[in-house]
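Below: the structure, in structure tokens.
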Amino acid sequence: MDWSALYTMQEHLDTYIEAQHNLSDRDLFREKYLALLVELGELANETRCFKFWSTKPKNEQSVILEEYVDGIHFILSLGLEKGYRFDAREVEPANTNVTGQFTLVYSDCVAFYQEPGEAAYKQLFVRFIQLGKLLGFDETAVMTAYLKKNDINYERQNQGY
């Protein structure tokens, strides 16, 4: 997948938000990192993959995809914050189940926060893409959902979200 268009869109959204909230001079890495962790938790909750005690099914695929794309927004934004970009390439399938992949993504988030280097960022991105594939999302679905959510994010900013 060619991520360059999404990075450009994310950069415009980030600039817009920072201007709207007078944040242009602030380092927002810590806030964006925590936001990503929260979004991961929301995504896991919608999949219910870890709720071994419950018989309730996972949420609809469209809801899960929207939560997944929220994570993409913050991963892109964190990369922009540090000057990193993930380039388009094939990603090997994960060799674990959804629950296992979530734990790997969380671990990679922590590793990137503690040592925010380019290799750690790219590892986080790969693992997140693998998670998306395990959840059943292809590139077209991710791109379409990202575009839709990007529009919603602008609407929210314009409405004082």
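Just so it is clear, none of the values below were taken in a lab; they were calculated from the coordinates. A quick note: this is a predicted structure, and the numbers were derived from the prediction, not measured. Methodologically, a virtual Cβ is constructed for each residue, glycine included, from the backbone with ideal geometry; neighbour enumeration extends over all protein chains shown.
Descriptive notes on the structure:
To keep it simple, each residue is scored yes or no on (1) exposed (fewer than 14 other Cβ atoms within 10 Å of the Cβ); (2) closer than 20 Å to residue 130 by Cβ; (3) aromatic (Phe, Trp, Tyr).
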| position | (1), (2), (3) |
| --- | --- |
| 1 | no, yes, no |
| 7 | no, yes, yes |
| 12 | yes, no, no |
| 15 | yes, no, no |
| 22 | yes, no, no |
| 38 | yes, no, no |
| 44 | no, yes, no |
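- Among the residues of the stretch 6-29, those identified as out of contact with any helix residue (DSSP H, G or I) (no Cβ under 8 Å at 6 or more places or on another chain), of a type outside the set (Asp, Glu) and either in a helix (DSSP H, G or I) or within 24 Å of residue 104 (Cα to Cα) (or both) are 8, 12, 15, 19.
- Selection count, the stretch 96-127, where residues are among the hydrophobic types (A, V, I, L, M, F, W, C), over 16 Å from residue 32 (Cα atoms) and crowded, with 21+ Cβ neighbours inside 10 Å: 1
- Some residue of the stretch 52-69 being small (Gly, Ala, Ser), part of a helix (DSSP H, G or I) and within 25 Å of residue 159 (Cβ to Cβ): yes
- Criterion (closer than 25 Å to residue 4 by Cα and surrounded by fewer than 13 Cβ atoms within 10 Å (Cβ to Cβ)) met by exactly one of 62, 54, 77: 62
- Selection of helices (runs of 4 or more DSSP H) fully inside the stretch 79-161 by the criterion of at least 3 residues being farther than 22 Å from residue 41 by Cα and polar (S, T, N, Q) returns 139-158.
- Count - residues of the stretch 107-125 that are farther than 16 Å from residue 76 by Cα and either touching a residue at least 12 places away in the same chain (Cβ under 8 Å) or in contact with a Lys or Arg (Cβ under 9 Å, 6 or more places away or on another chain) (or both): 2
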